[in-house]
Each structure stands twice: as C-alpha cells, then as structure tokens.
1. Scan the range 118-161 residue by residue and report those that are surrounded by 16 or more Cβ atoms within 10 Å (Cβ to Cβ) and over 22 Å from residue 253 (Cα atoms).
2. How about the range 1-34: which of its residues are at pLDDT 85 or above and part of a loop (DSSP other than H, G, I, E, B)?
3. Given the range 229-340, what strands (runs of 3 or more DSSP E) lie entirely inside it while holding 2 or more residues that are more than 22 Å from residue 217 (Cβ to Cβ)?
4. Out of the residues in the range 91-139 that are of a type in the set (Asp, Glu) and out of contact with any helix residue (DSSP H, G or I) (no Cβ under 9 Å at 6 or more places or on another chain), state the one that is farthest from residue 164 (Cα to Cα).
5. Which members of the range 198-213 meet the condition of being surrounded by fewer than 22 Cβ atoms within 10 Å (Cβ to Cβ) and in contact with a Leu (Cβ under 9 Å, 6 or more places away or on another chain)?
6. If a residue has to be aromatic (Phe, Trp, Tyr) and either in contact with a His (Cβ under 9 Å, 6 or more places away or on another chain) or without any contact (Cβ under 8 Å) to a residue 12 or more places away in the chain (or both) to count, how many in the range 41-62 make the cut?
7. Looking at the range 226-238 only, could you name the residues that are buried (at least 22 other Cβ atoms within 10 Å of the Cβ), over 17 Å from residue 285 (Cα atoms) and either aliphatic (A, V, I, L, M) or out of contact with any helix residue (DSSP H, G or I) (no Cβ under 8 Å at 6 or more places or on another chain) (or both)?
8. Which is over 21 Å from residue 77 (Cβ atoms) and not basic (Lys, Arg), of 356, 325?
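The values are calculated or read from the model by the stated rules, or taken from the named source; none is laboratory data. Model, not experiment: these values are computed from the prediction. Because the Cβ atoms are built from the backbone with ideal geometry, glycine has one as well, and the counts that use them run over all protein chains shown.
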Amino acid sequence: MSPAKVREFFFSDGDLKLQIPTIARVTNTIQLTQFDRELQASWKQHMKLGHFRYDFEAPPESRLLKGSHGFILQYNPRRASQRRAPQAMLHLEQTFNQDKFNFTKIDEEKEVIFQLRRLDGDVREKESRDLLIINVSPLEFGASLLVPAVDSCLPQVLTLYSIRLAIRTVLLSGVKNLKAAFNSLCAFASVNHLHWHLYYLQNHELKLEKIAAKKISSSSDCYEVSEKDYPAPCWAFQIRYPGDINRVSESVHKLTHFLTKSNTGHNVFMTRGRNFDKPENEEIEVLRIFVWSRNKIVGTKDPGAFVMAVCELAGQVLLYDEDKFKTLDEDGVSAAQIEAVRETHMEKREEILGLFTGKS
C-alpha cells in the first residue's frame, strides 16, 4: 500500500442528520453537510486527475420503466468492459487471501477520499483506519467504497462494527439520495475484503423509500416486506433517532450472521425513507435498512451480465447490454427478482421469524 498520508474527516454522533428539513424536500433544494461537500469535492478532484478507469461527468443513460414498482434502468457499458475482474466466490465464509486484489493494495494517494474518525467512538473506533475510497469503476455520482478497519484484512462478511459505521456514514449526509449497499460473498460481491458501496442516486426515488412493511412482532424491531408489495420479499429495519443505531445494528447483524453461518447469500441496502409505522406521513423520515436472503451464486461473476445484485434488488437495474437496456420491462425485472429471492426467503422465513421472536 502506498504510504501517502491521507486526509481525515472527524465527526461525532451530533453531526448525524436523520431529518432533512421539510423546506428542502418540498423545494428540492440541496442541503449539503460538510461530509457531502468534502466527499464530493475530493471525488471530483480524483476524477479530474484521471484516477478512475473512465470519465463520469453525467448520470448514466437511464430509463424509468412503466408499472407500479418504479424500476429505473441505467446503461453503463464501460463499467462492464473496464472494471477490475471479479474474484471467484465459493463460500460465504471464504478466507481472506492477501495474494488476491484487496484494498491494502490500492495507491492511497490516488484513491482515498478520506479516513473517517469518530470523535465520540470507543478506543477501537479511534484506532481503526476506516477509509472511504473512490470506486474506480463508478456506477453513479460519488460512487465510493467504505472499507472498515482496512488494515485488519477482513473478508466480505458483515461485522457489527461495519454495520454501525455504514449507518453513521449515510447519516452524515444532508441529502436523501445517498445510498449504502452491500453484496455478500456468493451474492455478487467482487472483492473478498470487507466493504460497502456508497453513492448518490441522482434524479430518482426508489419504491423502497416508501414501500410498506409489517412488523413481525410487537417486541421486535424487524419488519417484513411481503411479495404482495414487492417482487423481492425481504427483511427490514429502521432507525428513527441516533439512539437507535446500536440496537438496530445488533438486529441487522443477528440476521446477517445467521445467513452467513447457514451459507445463505444476502444483500443489504440502506436508504432514507418514510417511517414504516407511519407510512402515510411524509414528514417523518427514517433510515430504512433492507436485507434480502437469496439464491447462492458460486463462481466468478460475469461483469457484463444482467444479474440481481443489491442495486437491482433495490430497483436500480444496472445494464451493460444496449438491447437489454432498450427492451427490458417491469415484468422482466420482477421475474428476475422473484427467481433470485423468493425460494430462499420462504425457505429461511420460519427460522428468521424465530430468530427475532424466540419461537422456533
């Protein structure tokens, strides 16, 4: 790893922004925080200096599909042809391999945006090098990789610490369209080194931001999105206040740990949206967290194929073939979501319900 000294971004829980001012939402005005400004300025500077594999000066060509699910197609063929070759994934707990590409091998001077430093964190958080680096093959504006404890060389398996860090990072933003996304091994992760995708989804609101979900029990903070409401049923959680972060992170980790230990592929997506308990009230915002259990994909991902990774399950469909971009419709996306998720969701459903209710 290049020994370049990286810039540090210091923050505390007092900087977290769960609520976006109503006037900003109504008028579409931008309420960038210091985090947004520094991330975007550094990202643009890296782009100007040619540190990405291709230029990304405008949103990818997009097509909003007709239908009730509001799927958005995005055509970005350069991401398929110019990205780093994906690694072969054989098991959910595949061992980290120092000889393969990992984020200790990057040129930090050319790829690091900044190191996140939480002022009110515990000793581990203060000592950990949590890096935000550019995604050299960007899928959207600001496309970055959040790499928790980079020097610990952790495999692509969610830790409680990494979930908390991802939540806090999204909540440092003052705009609604910053997303965080995670692909497990055997669920289209390309690198076996713990990381989250972070990016601004421009000019589009996902249905997941307002979709209904049912709480599985009065004593649990886990919700279920059923297949009657969305083709890719999943589990969901929400954070209403910064004080919810630790408890909800533990619940998300309980679920992803169970899925990892049962060798079940999974994808996780974070977005701001309406409160599940009061979906009719657009003034009440939360951070929504969705977890899909899905069919396991063994081997090496085809970088140019139409697949159901985390963005696609969330309704943002990344495409690299022009004919597919022009012809794919809502039924086609829905069918692919169903094929990827439904069987595994139902197979694991009773065990997951028991995980959160104590009933087996």
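1. Result: 133, 134, 135, 136, 137, 138, 139, 140, 141, 142, 143, 144.
2. 6, 7, 12, 16, 17, 18, 31, 32, 33
3. 265-274, 285-294, 316-319
4. Of the residues in the range 91-139, the ones of a type in the set (Asp, Glu) are 93, 99, 107-109, 111, 120, 122, 125, 127, 130.
Imposing the further condition that a residue be out of contact with any helix residue (DSSP H, G or I) (no Cβ under 9 Å at 6 or more places or on another chain) reduces the set to 99, 107-109, 122, 127.
On the way: 99: 29, 107: 27, 108: 24, 109: 27, 122: 12, 127: 16 Å.
Looking at residues that are of a type in the set (Asp, Glu) and out of contact with any helix residue (DSSP H, G or I) (no Cβ under 9 Å at 6 or more places or on another chain), I get 99.
5. Within the range 198-213, 200, 204 meet the criteria.
6. So the count comes out to 1.
7. Matches in the range 226-238: 232 only.
8. That would be 356, the only listed residue that is over 21 Å from residue 77 (Cβ atoms) and not basic (Lys, Arg).
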